[in-house]
Amino acid sequence: MTMPKISNYGQYSSGNYGAHTLLIEVGPVDLYFSYQTMVAFRSPQTGLVMTTNYWGQTTGKHLNWISRTAPRLQSDEFEAKWRDVQTRYFESKEVSA
């Protein structure tokens, strides 16, 4: 797997706000954060998965920057889909001796 890559998404004109819209790419999985909260992810199996906005206007703006058309899931469904991706890509596969 390649090393993770960190960048920003969105339309902030100043780098001062870039830390509020982080995109972390880990292999084939993209993780989108609004401040310190993961609000969306993308994998080859799921495509783009987004959560409903539970936080406020700024996070709503960040979600719209990610996509205005992707469906937004309730937190329990969002978290379940994330657990599936996490299991597939990030949990260690121990080899028995």
Please go through segment 42-80 and pick out each residue that is farther than 21 Å from Tyr12 by Cβ and touching a residue at least 40 places away in the same chain (Cβ under 8 Å). Ser43, Gln45
Name the strands (runs of 3 or more DSSP E) wholly within segment 21-97 that hold at least 2 residues that are more than 20 Å from Pro4 (Cα to Cα)? 47-51
Any residue in segment 46-55 that is surrounded by 15 or more Cβ atoms within 10 Å (Cβ to Cβ) and aromatic (Phe, Trp, Tyr)? yes
Can you find, within segment 43-97, the residue that is modelled with the lowest pLDDT among those that are closer than 17 Å to Pro28 by Cα and among the basic types (Lys, Arg)? Arg88
Members of segment 20-46 found to be in contact with an Asp or Glu (Cβ under 8 Å, 6 or more places away or on another chain) and more than 18 Å from Ala70 (Cα to Cα), listed by number: Ile24
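Just to be sure, is Leu31 at pLDDT 95 or above and within 13 Å of the chain's Cα centre (by Cα)?
Working: at pLDDT 95 or above: yes; within 13 Å of the chain's Cα centre (by Cα): yes.
Considered against the rule, which asks whether it is at pLDDT 95 or above and within 13 Å of the chain's Cα centre (by Cα), Leu31 comes out as yes.
The values are calculated or read from the model by the stated rules, or taken from the named source; none is laboratory data. Because the structure is a prediction, the values reported are computed rather than measured. Using ideal geometry, Cβ is built from the backbone for each residue, glycine included, and neighbour counts are taken over all protein chains shown.
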